[in-house]
Amino acid sequence: MEKEMLLSLVNRIIKVDRGGPESRVGRLLAVGKDYLTLHTKEDGIIYYNRHHVKSLTHNAKKSVDLEVETEELDFIQARDFQDILECLRYKWVKVNRGGPESLEGVLEGVNNEFVTIISNEEVIRVSLFHMRNISQISTCGKSKEDKKEKSKEKDKDEHCKDKKNSSDKGNKESKEKKENNEDKANTVNEQSHNDKANKEDKSNKEDKEKHEDKANKEDKEKHEGKANKEDKEKREGKANKEDKEKNKEDKEKHEGKANKEDKEKHEGKANKEDKEKHESKASKEDKEKHEGKANKEDKEKHEGKANKEDKEKHEGKANKEDKEKREEKANKEEKAKHEDKHQKGEKPKHEVEINEANINHEVKNENE
């Protein structure tokens with residue numbers, strides 16, 4: 001619930017919750033961070049944990065007068081519910097109004113998780129989260145309430161007794177006998193009540209001792225378990241650390257060895273491949289160079305031979321043509337001279353020689 005809405009109800013008569021053992025009607029005195037303070041006629045001042053308040057009811061037309069001035073009340077004003085509990089330390093308190101979780105005792109200790117209450121030689125630890133409300137109880141007030149209840153019971157018994165006496169007025173003997181029986185029964189009841197109280201005190205004492213032994217045993221087991229757990233965790237952590245370091249060293253060694261082998265293998269393979277490539281390349285280059293050189297030499301030889309033959313053929317042919325032209329020209333000139341001399345009537349001196357030379361020359365040309 002919002003704090004602003006609760007503050008608007010301060011000094012008004014309200015009803016907390018619609019019903020149940022925790023429901024109370026009273027005047028809202030104060031509103032804190034996580035609590036509210038209610039003044040009731042039955043229980044006095046009650047400090048409610050706001051987390052457990054389900055509803056608030058305010059009757060605008062009909063209000064209840066508690067006949068107590070707010071200024072006369074002495075109540076605790078604190079920051080939160082835990083501070084309220086701190087202020088109630090070492091006082092007789094009542095936790096919750098009713099039900100199986102209601103209890104009374106001395107508030108011995110408070111922390112962030114639970115409160116410790118000592119009741120009838122029992123040490124009870126109540127979760128702070130599940131505390132619905134708390135109120136302080138004075139021992140004198142408690143004794144007065146007990147006296148009032150006893151006086152009421154006594155008045156009731158006397159009234160019943162008077163009624164019986166008035167109805168049985170004529171029978172005095174039976175009345176005396178009945179009174180004696182009643183006294184006897186009261187004595188027996190009182191004795192049985194005392195025995196029962198002693199038995200309860202004894203059982204409470206035994207329960208308290210059992211509870212304390214159980215609590216001490218649980219604390220001891222918890223402490224030993226915690227210590228053993230811490231020792232175990234330390235040992236396991238140390239062992240895990242050593243194993244981890246050992247595994248790390250083994251891993252580094254193994255990886256270093258594997259990397260070295262892989263590197264050597266890779267380098268050997270790479271060197272081998274490079275060597276084969278280099279050798280094949282060199283062989284190829286040498287082969288190409290050798291073949292090129294051989295082809296070049298063969299080509300040069302062939303071309304030289306062909307050129308020489310062509311040159312010789314061409315020169316022979318040209319020489320032959322020139323020779324034939326010169327001889328033809330010489331023959332023509334000789335013939336012309338011969339004809340001139342023949343016409344003049346002179347016989348050439350070397351006619352026979354020229355004819356023989358021509359014949360020899362023709363024979364030679366035919367042979368060639």
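Things worth noting here:
- Residues in segment 32-56 that are part of a strand (DSSP E or B) and either within 41 Å of the chain's Cα centre (by Cα) or of a type in the set (Gly, Ala, Ser) (or both): Tyr35, Leu36, Gly44, Tyr48, Asn49.
- Residue match in segment 313-336 (condition: open to solvent by 100 Å² or more (accessible area, probe 1.4 Å) and at pLDDT below 70): no
- Counting only residues that are touching a Ser or Thr at 6+ places or on another chain (Cβ under 8 Å) and either within 12 Å of His58 (Cα to Cα) or open to solvent by 20 Å² or more (accessible area, probe 1.4 Å) (or both), segment 15-29 holds 10 of them.
- Scanning segment 1-14 for residues that are in a strand (DSSP E or B) and open to solvent by 70 Å² or more (accessible area, probe 1.4 Å) yields nothing.
The values are calculated or read from the model by the stated rules, or taken from the named source; none is laboratory data. In this text, all values refer to a predicted model and were calculated from it rather than measured experimentally. Cβ: placed from backbone, ideal geometry, glycine included. Neighbour counts: every protein chain shown. Surface accessibility is based on the protein's heavy atoms, side chains included, excluding ligands, DNA and RNA. Shrake-Rupley method; radii C 1.70, N 1.55, O 1.52, S 1.80 Å.
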